[in-house]
């Protein structure tokens, strides 16, 4: 288990304790949460310092629901995605710690690869959100991971942020992530229109933002991905399954 590359903040919050299937919390969620094929779910409690619910993990990653832990889920990320996803988790939790209202409306998504218990590589679309909060404090987070066999992942990590203060949330996630090959939902959204031949002004009108906002989404991608022009950037995006 590679815990060295887990963000220090996340490492201080997570444990290697699996779910107790005899616990009342587990039984409650087992009776109330829906399950779907090719999808696994967990609920991690900061009050209990353990996984309190897990379902579907053997089907997609080979781990029994009563043995999967939060640290396992984090550390079985492939090396290509591990540092990025760990840093993203760290920044998300640090940002959410500063929020005291509407916490349960915040979540983020990312595409990444996990290592199955048998050693094979599994592409997943994952969503992590606040499941329960009280008095401005996060009590539980919930995570869904969906196996999408047709998902083609390149070297660029794609992620998105959601919530009432989504611009601030995404800005917090973006900080210092530029050392990684990563692209946010808003950056990709603008790039999709650029690939269709829209000028920056037209993209701004289409998305209802200023032209400078579009420039701030696209121009930094040149340096991040080491490209010299917009056609080069679009070609890079196609090569890495962004478009």
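The values are calculated or read from the model by the stated rules, or taken from the named source; none is laboratory data. As the structure is a computational prediction, the values presented were derived from the model and not from experiment. Because the Cβ atoms are built from the backbone with ideal geometry, glycine has one as well, and the counts that use them run over all protein chains shown.
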Handout entry: Exclusive hit being at pLDDT 90 or above and either touching a strand residue (DSSP E or B) at 6+ places or on another chain (Cβ under 7 Å) or assigned by TED's automatic domain parsing to the domain that holds residue 24 (or both), set 100, 150, 75
Key = 100
Practice task
Name every residue in region 1-37 that is closer than 23 Å to residue 81 by Cβ, at pLDDT below 90 and in a loop (DSSP other than H, G, I, E, B), in order of residue number.
Solution key: 1, 2, 3, 4, 5, 6, 7, 14, 15
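Table: residues versus (1) crowded, with 18+ Cβ neighbours inside 10 Å; (2) in contact with a helix residue (DSSP H, G or I) (Cβ under 9 Å, 6 or more places away or on another chain); (3) more than 26 Å from residue 87 (Cα to Cα).
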site: 194; (1), (2), (3): yes, yes, yes
site: 200; (1), (2), (3): yes, yes, yes
site: 211; (1), (2), (3): no, yes, yes
site: 215; (1), (2), (3): no, yes, no
Problem - From 217, 188, residue being part of a helix (DSSP H, G or I), over 16 Å from the mean Cα position of the chain (by Cα) and either touching a residue at least 12 places away in the same chain (Cβ under 8 Å) or on the phi > 0 side of the Ramachandran plot (or both) - result: 217
Practice task
Kindly indicate whether residue 205 is crowded, with 18+ Cβ neighbours inside 10 Å and either modelled with pLDDT of 90 or more or assigned to a helix (DSSP H, G or I) (or both).
Solution key: no
Problem - Options 133, 92, 172: the member that is in contact with a helix residue (DSSP H, G or I) (Cβ under 7 Å, 6 or more places away or on another chain) and assigned to a strand (DSSP E or B) - result: 133
